[in-house]
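Peer 1: There's a structure below that I have some questions on.
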Amino acid sequence: MSSLFIEYPKCTTCQKAKKWLDEQGISYEDRHIVEQNPTAEELRSWIEGSGLPVKKFFNTSGLLYKSMKLKDQLADMSLDEQIALLASNGMLVKRPIFITNGKICVGFKADEWKAAHRS
């Protein structure tokens, strides 16, 4: 099974993560999060598979998140509404996302990514 790396190429954390993957010799499919925004079905699957709360999938430091004042709105939204919102614009989704061996890693933590890839 191939690994999937979802990134926004201008993001410095994504650049750092991509460099790390390349240095580790890990092969992956590279996907631009804005050009190929995750679908609601993908997001639901990843959220369920990760065991993380849906809030961890929001790019809370992003300009779009802040301009939409989502911090105050998410608590009043259903899971379906939050997933639909994430699926509406890749800039709302936390990145990078690394999916390997059935593990979903959100944000870049080298130790977590290494453990997920080895399993």
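Peer 1: Which one of the conditions (1) open to solvent by 70 Å² or more (accessible area, probe 1.4 Å); (2) without any contact (Cβ under 8 Å) to a residue 24 or more places away in the chain does L70 fail to meet, given that it meets all the rest?
Peer 2: Going through the list (1) open to solvent by 70 Å² or more (accessible area, probe 1.4 Å); (2) without any contact (Cβ under 8 Å) to a residue 24 or more places away in the chain, L70 breaks only (1).
Peer 1: If P38 satisfies every condition in (1) open to solvent by less than 50 Å² (accessible area, probe 1.4 Å); (2) more than 24 Å from D80 (Cβ to Cβ) but one, which is the exception?
Peer 2: The one condition P38 does not meet is (2).
Peer 1: Looking at region 45-64, which of the residues that are part of a helix (DSSP H, G or I) and open to solvent by less than 80 Å² (accessible area, probe 1.4 Å) is nearest to K10 (Cα to Cα)?
Peer 2: Residues of region 45-64 that are part of a helix (DSSP H, G or I), as a first pass: 45-50, 54-57, 63-64.
From what's left, open to solvent by less than 80 Å² (accessible area, probe 1.4 Å): 45-47, 49-50, 54, 57, 64.
Details: S45: 26, W46: 23, I47: 25, G49: 27, S50: 25, V54: 24, F57: 19, L64: 15 Å.
Applying the filter and picking the extreme gives L64.
The values are calculated or read from the model by the stated rules, or taken from the named source; none is laboratory data. Owing to the predicted nature of the structure, the values given are computational and were not obtained by experimental measurement. Counting neighbours? That spans all protein chains shown, and the Cβs are built from the backbone with ideal geometry, glycine included. All accessible areas refer to the heavy atoms of the entire protein, side chains included, with ligands and DNA or RNA removed. Shrake-Rupley method; radii C 1.70, N 1.55, O 1.52, S 1.80 Å.
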